[in-house]
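Student: Dropping the structure in here first, questions after.
Each reported figure results from applying straightforward, stated rules to the coordinates on display, with no laboratory input. None of the values given here were measured: they were computed from a predicted structure. Neighbour counts run over all protein chains shown; Cβ positions are idealised from the backbone, glycine included.
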Amino acid sequence: MTSLRSIMLCSALLAACTQDAPKAANAGGPANAEATPAKPPGSVPSTARPPNDPHAAPAPGDEDEKGPMVPSASGSFDVTLEGKLVHFLRLPVAQNRAVAIPETGVTRLSIGALEGEEGGPGFRILVEGLRPDQIEYPLTIPTPGATAKTNGPYTMTMRYEVHERRVYVLDPDKGATVDLTLESYEGKTLRGRFEGKLAPTAAGLGDPIPVSGKFAVELFLRGVEPGAAANPEGTPAPG
């Protein structure tokens, strides 16, 4: 027969187990929730660009550029912005390319420069549909809408980015057009110049700014042949 003492002992043990149960159940609950809070909904970074932006990095045809940026390519890139001459010191290899990929139909010339060795304001020109080894020099490419509705088989975009909230681009509707002239292509070096205006993309930055520049850059070639070297003065061309 169960004694009163046994009944009291069982009741005490049952009560103790009942009090410990919530602690065990919450062992991985609130404490862990505070240590590893739920990730807030993600947002598009301010530097992101729409998928159809030709200046997004990497552009189609540049996908094989992985890892840290290699040292600057050889050459020079000088731009006069609103009357001030700026020497762009860095020519990123990934932005100075001539690419032709028959499998995807990509044919592109890219010329770009950064103002400082570590970055800073950047200037980039993209010409779709152009191979420097298959044109006659000099070749001038106008902005569509400047004097005509098209610039032939080529599509040109130009972008001067001071920072993410101060960007200037071609915009014929605002009178911001630029003529790009490719002057020569010798070996892997492309020379050219440009002149016109670029318009701000944000309201409140004023009117289009005048820009002009010249460059001589060594291109990374993919599916594109080097140009013929210039003949020394007085040496007749082979023929």
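Student: Condition first: farther than 17 Å from VAL127 by Cβ, in a loop (DSSP other than H, G, I, E, B) and hydrophobic (A, V, I, L, M, F, W, C). Can you find one or more residues in region 85-94 that meet it?
Tutor: yes
Student: Taking interchain pairs and intrachain pairs at least six residues apart, which have beta carbon atoms under 8 angstrom, with the first residue in region 200-212 and within 12 Å of VAL167 (Cα to Cα) and the second of a type in the set (Asp, Glu) and part of a loop (DSSP other than H, G, I, E, B)?
Tutor: Here the result reads ILE209/GLU82, each pair linking region 200-212 to a residue that is of a type in the set (Asp, Glu) and part of a loop (DSSP other than H, G, I, E, B).
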